[in-house]
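Below is one structure, written out as structure tokens, with a few remarks after it.
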Amino acid sequence: MTDSKYFTTTKKGEIFELKAELNSDKKEKKKEAVKKVIASMTVGKDVSALFPDVVNCMQTDNLELKKLVYLYLMNYAKSQPDMAIMAVNTFVKDCEDPNPLIRALAVRTMGCIRVDKITEYLCEPLRKCLKDEDPYVRKTAAVCVAKLHDINAQLVEDQGFLDTLKDLISDSNPMVVANAVAALSEIAESHPSSNLLDLNPQSINKLLTALNECTEWGQIFILDCLANYMPKDDREAQSICERVTPRLSHANSAVVLSAVKVLMKFMEMLSKDLDYYGTLLKKLAPPLVTLLSAEPELQYVALRNINLIVQKRPEILKHEMKVFFVKYNDPIYVKLEKLDIMIRLASQANIAQVLAELKEYATEVDVDFVRKAVRAIGRCAIKVEQSAERCVSTLLDLIQTKVNYVVQEAIVVIKDIFRKYPNKYESVIATLCENLDSLDEPEARAAMIWIVGEYAERIDNADELLESFLEGFHDESTQVQLQLLTAIVKLFLKKPTETQELVQQVLSLATQDSDNPDLRDRGYIYWRLLSTDPVAAKEVVLAEKPLISEETDLIEPTLLDELICYIGTLASVYHKPPSAFVEGSRGVVHKSLPPRTGSSESAESPDTAPSGVQAAEQPAVIPTQGDLLGDLLNLDLGPPVSGPPIATSSVQMGAVDLLGGGLDSLMGDESEGLRSDVGGSPAMGGSGSFAPAPSTAVPTNLGAPLGSGLGDLFDLTGGVGTLSGSYVAPKTVWLPAMKAKGLEISGTFSRQVGSISMDLVLTNKALQVMSDFAIQFNRNSFGLAPAAPLQVHAPLAPNQSVEISLPLNTVGSVMKMDPLNNLQVAVKNNIDVFYFSTLYPLHILFVEDGKMERQMFLATWKDIPNENEAQFQIKDCSLNADAVSSKLQGSNIFTIAKRNVEGQDMLYQSLKLTNGIWVLAELRIQPSNPSFTLSLKCRAPEVSQYVYQAYETILKN
Amino acid sequence: MIHSLFLINCSGDIFLEKHWKSVVSQSVCDYFFEAQEKAIDVENVPPVISTPHHYLISIYRDKIFFVSVIQTEVPPLFVIEFLHRVADTFQDYFGECSETAIKDNVVIVYELLEEMLDNGFPLATESNILKELIKPPTILRSVVNSITGSSNVGDTLPTGQLSNIPWRRAGVKYTNNEAYFDVIEEIDAIIDKSGSTVFAEIQGVIDSCIKLSGMPDLSLSFMNPRLLDDVSFHPCIRFKRWESERVLSFIPPDGNFRLISYRVSSQNLVAIPVYVKHTISFKEYSSSGRFDVTIGPKQNMGKTVEGVVMTVHMPKAVLNMNLTATQGSYTFDPVTKVLTWDVGKITPQKLPNLKGIVNLQSGAPKPEENPSLNIQFKIQQLAISGLKVNRLDMYGEKYKPFKGVKYITKAGKFQVRT
């Protein structure tokens, strides 16, 4: 008597047979038939044709049959909306049933029928059920509000269900509270702006009480909701923590992790001197470790979260290294995560154990895992200085195994160790050289070549070794080619006598036979350097290299703080903020950790500027990434060479162009080199000194039309000009740190005495120092371009910001943008290249000689066809005509005539854009009416709208 | 919240789907199949997979993939916990969680899923409540049902659903009132080549079978509660009592449940009951190797170590093994390269030994990796951590229950590296 019999009737007339059975008089047969229908449905067969027949079975006293029919309805109502209406009456009747189980079932099912027409009928029964005397019905109804909201959000708001739902948070039954919170959280997710879950100390208290009594799932919802609350002081934070801590001993791991999230977040507010702080830290470790004894899937999610927690507060798990040791039958995704955390926890105290483990892992079967383990040994060496020697000998042991991929990984990490501890472990080079032939991966080859080049003076046959690589130069990957080029140049500088031929060979290979611009440019640079000034070349190429940093893959502090707020969510699994991947979460409000309120402790608490507003302030016109990249790809990045940049340099002029271009590309790939940790090319390190030194004098009037100076003079003599310059909007954030690996850019545009400038504030919110800034604009409507390179004099240290005024000119290349005043900007630093776009106010383009002769004005006004006239309203402006005209004059909008017609002031004004377009304006001001009417006439009518915007900005500020 | 659930068997057939919101097409599982193909081994399929419009969170239990589809930001642990709960419920209802069991009871499965989740929110996941709503299938009941036409769906509201003790149903009645506790401890350990312990900890649980009438209020105390510093509790346990008095005080659910799970990790408390002596070596260029393993007892508190089984994943190059066992029997599967040696009981007088020749593929290089030995064993009437139940008291009911405690120690993930 099993249900598998329902699957056996797969004959042709199946549907027909079922139809007959459904309409049978016998109850039992009916039920069997419905079961068969459900069985077909579960495996994805289409049984929607039976809709009317199944619905007919709905009016029954048999609860099981009713449930089955409801199941069917939920699945197919969408495809048969007209038929579904037939079921409405039964639903409404069931909502009045004396049995609360049936009332709840009815309201639950109705919510699942995703048909617009039905939702209207649902409102009344739902309202009743939300106030039902039975808590079981109330809690079901609470969820139903969320369902309804998903189908028709407007309806839910209009009917006031949201308020009813908010009231349910104070319900006497904890289950109802939990479900209300869950429903509100879900609704809030699709409406990030609405503050549905507006928590106050009273409601928090309610939630904490319900937390103790509701089911495990309810606890998760309540804890997640608590995590969004911002306690008003450390005392409140502590009392919440105290009440949440017992949840750490819950058997459900999701409850544990949600509790950990609340504690990690509120801990931020507690003073470190507090005893409670220490107690809390201690209490956090055991539950996290316990998560690791659960099923592998749970372990994986737990490990991803522990990874974040360890970065934020390493002290919690510092004694628990052993639980992260890998078992050979762990799934690979668990192994890799454990390894990562092991390295993060490695310290002088436990390094011996860790190394022994890692060596063990290096003999495992799984290739990916083995590679990562070998790499981990290298990372340990770099992280814990005392262990470096042991790590190197472990790596040598591994090289002796001659397992191909182990050897290659080992060589890659040894190169990093050399960079961290120069002149310490070079004795191993001989062993490395023995394995030269077995290397077949580009990264390992490049690493080996770097080592040979760097230590050429100690390797007797360095020239032979490098020469052997040179034979197959064209077949190598770019990485290897670049490295080989640099290594041979190094070799030449160290042993110039024997290697002349070799260096010439590689230079000609790189410059003449290669299609790769990076390679060619680097080749040319070396060539020029060597031929003009070998001493300088030596200084550049063999310069001291900066040591590599200890931890290479830490998450940026701003991002880490945000992710801590998302512990336990998908974001924590992907280590990305939800805005980066969750669909349809455009306006997701960024979460940030609360600032510490207790004792003054600045060392630890990171700078968490409320990042919530950034998203909202971004210009709304950012084109899709694809477009932008496409456009900007045409640009060559790096400082533009348009000005008089290298005039001070002693290099011949012939080389200037080449050097400029070459350096640009070198600097461009420097960041790449650093990222992949190959970063061996000393030329890159030295390139800073060769970067085109911009003239320090600010190029005034560079971009302004020639006559502007005269214009100014005339204005002065006229005595009307105000020298205050045009209106400057306050700075807004253009590039949030989140999107640019920690670089935040805010800025505005200004125009002062004929020159336009872009006032920028660069803030480094990353861990590492930023340097080598450069800026470039995409082609734009008015040819705006930087008139001088972006000058950041000193490297930007973490948490530092610098203000820069970048002079602009309008001689760049022109392309019409949409919107017209859109400007796409690329900013480069040593980390990466970042793109953003912003809108500039048009009035920065209004030139100083924009005053037209009266006759000329009249003639032009008549001349421009009427269809080019555009009318706008400027509302809520209380200035009088004189104030208006002087204010506008400050921004180079000149009043030519003023008339008074029937009590209205008419101002006739003109302005000229940098590209010579004249715009004529007529501004009508009624003394009693705060709305002005602006008529604009222009031969290029598309600018009118932006001119109007400029008017509005100027007048209202 | 959880949008849909697909059950997929090992050969990649979707044999059940359930949608709690709008219907998501089966094709979404293609992303899962892709990941499965990449992972090669079924165990290695990543539990969280992102697709352009959805996220797939899956677990692998009893040769079935439970793949859930979610669309919004949801705590993945919540989903994984829930999926395990679904699998547990199937196990509980049908005795096994297998494709055939699910297919045989598809209507009940569907009813259960509908009862467990509403619009993606968990509704009733406690087995006590579910069983009141939907009666588990028994042969007798299906016969009775087919004769009388009654159904296996309860038509009253489950009583525990809304009370402050949602895990217990009301009106429980037994003629024999019994309460049994099984203290089960598993030793997870990694032993290195030289026989010293790299890592060891004890994962303990107390599983209870409580058949008591009415609303009994129990308190369980231990001789040495200080051992338990890292514990996870069933929701029924009063946390405050534990914090202050180190006594487990609770109104139990009816039937079988896990009362607490705990972890003992301080190294000196974890005794390792067996030792292994081993030589596994492969000769260079001779396509053969030696294999010699002896297992002996150690630190077993005078109890017998039994049920000993050793499994070894031999390297790929191993073709066959010619061994002799002084005790028990061994099998070697040349396809999966798994050697299993069923030892049985260890008698200290005559230590079990397995010895012989390993045949390698001719011409293949010497295998790089050293196989790990996986040991299983059992010790009855011993909790290796030394945990002991002191007494069990019952309040709130008049009758005198029958009480029992059983201890057992097992090997968990017990690995010996060679």
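No value in this document is a laboratory result; all are computed from the given coordinates. Quantities reported herein were computed from a predicted structural model and do not represent experimental measurements. Every residue, glycine among them, receives a Cβ derived from its backbone with ideal geometry; neighbour counts consider all protein chains shown.
In terms of the Cα gyration tensor, with a ≥ b ≥ c the square roots of its eigenvalues, is segment A:442-513 rounded because a/c is under 1.5, prolate because a/b exceeds b/c, or oblate? Oblate is the answer for segment A:442-513, as a/c is 1.5 or above yet b/c matches or exceeds a/b. Computed from point charges on the beta carbon alone (+1 for Lys and Arg, -1 for Asp and Glu), the dipole magnitude for segment A:724-811 about its Cα centre is near 200 Debye. Taking 0.36 nm per residue of sequence separation and removing the Cα-Cα distance, the A:Gln59/A:Glu457 pair yields an extension gain of 133.9 nm. Sequentially through segment A:347-363, phi angles give Karplus couplings (6.51, -1.76, 1.60; θ = phi - 60°) of 8, 4, 5, 10, 5, 4, 4, 4, 5, 4, 4, 4, 5, 4, 4, 5, 9 Hz, Gly and Pro residues having no value and appearing as x. Relative to the Cα centre, the charge distribution of the protein assembly as shown, modelled as +1 at Lys and Arg Cβ and -1 at Asp and Glu Cβ, gives a dipole magnitude of about 3980 debye.
The modelled label-to-label distance between A:Ala352 and A:His191, using points 7 Å beyond Cα along the C-beta direction, is 6.3 nm.
So if we plug the beta-carbon distance of B:Thr311 and A:Asp46 into 1/(1 + (r/R0)^6) with R0 = 35 Å, what FRET efficiency do we get, rounded to 0.05? The calculated FRET efficiency here is 0.15. When a/c reaches 1.5 or more, the comparison of a/b and b/c decides; with that in mind, is segment A:80-217 rounded, prolate or oblate per its Cα gyration tensor? Oblate, since a/c reaches 1.5 and b/c is not below a/b. Note on the protein assembly as shown: antiparallel DSSP beta bridges, both residues inside, total approximately 90 percent of the bridges counted.
Counting only other chains, and only Cβ atoms inside 10 Å, what mean value do you get across the residues of B:225-235?
Per-residue shielding by partner chains comes out at 4.
Across segment B:222-229, computed HN-Hα scalar couplings (Karplus, 6.51 cos²θ - 1.76 cosθ + 1.60, θ = phi - 60°) run 10, 5, 9, x, 5, 4, 8, 10 Hz from first to last residue, x flagging Gly and Pro. What FRET efficiency comes out for A:Tyr276 versus B:Arg258 if R0 is 35 angstrom and r is the Cβ-Cβ distance? Round to the nearest 0.05. E between A:Tyr276 and B:Arg258, to the nearest 0.05, is 0.65. Here the label points at B:Glu34 and B:Tyr399, each 7 Å from Cα along the C-beta direction, are separated by 6.0 nm in the simple model. Across segment B:5-14, coupling constants 3J(HN,Hα) worked out from phi with the 6.51/-1.76/1.60 Karplus curve, θ = phi - 60°, read 9, 10, 9, 10, 8, 5, 8, x, 8, 7 Hz, and Gly and Pro carry x. Overall, the anisotropy analysis places the protein assembly as shown in the oblate class: the square-rooted eigenvalues a ≥ b ≥ c of its C-alpha gyration tensor yield a/c not less than 1.5, with a/b not exceeding b/c.
With 0.36 nm allotted per residue and the present C-alpha distance subtracted, the A:Gln400-A:Lys117 stretch has 94.4 nm of extension available. Here each label is just a point 7 Å from Cα along the line to Cβ, and for A:Glu501 and A:Ser801 those points are 6.1 nm apart. For A:Ala729 and B:Gln380, the FRET efficiency from 1/(1 + (r/R0)^6), where r spans their Cβ atoms and R0 equals 60 Å, is about 0.15. Rounded to the nearest 20 debye, the dipole magnitude of segment A:151-269 is 380 debye, with +1 charges on Lys and Arg beta carbons, -1 on Asp and Glu beta carbons, and the Cα centre as origin.
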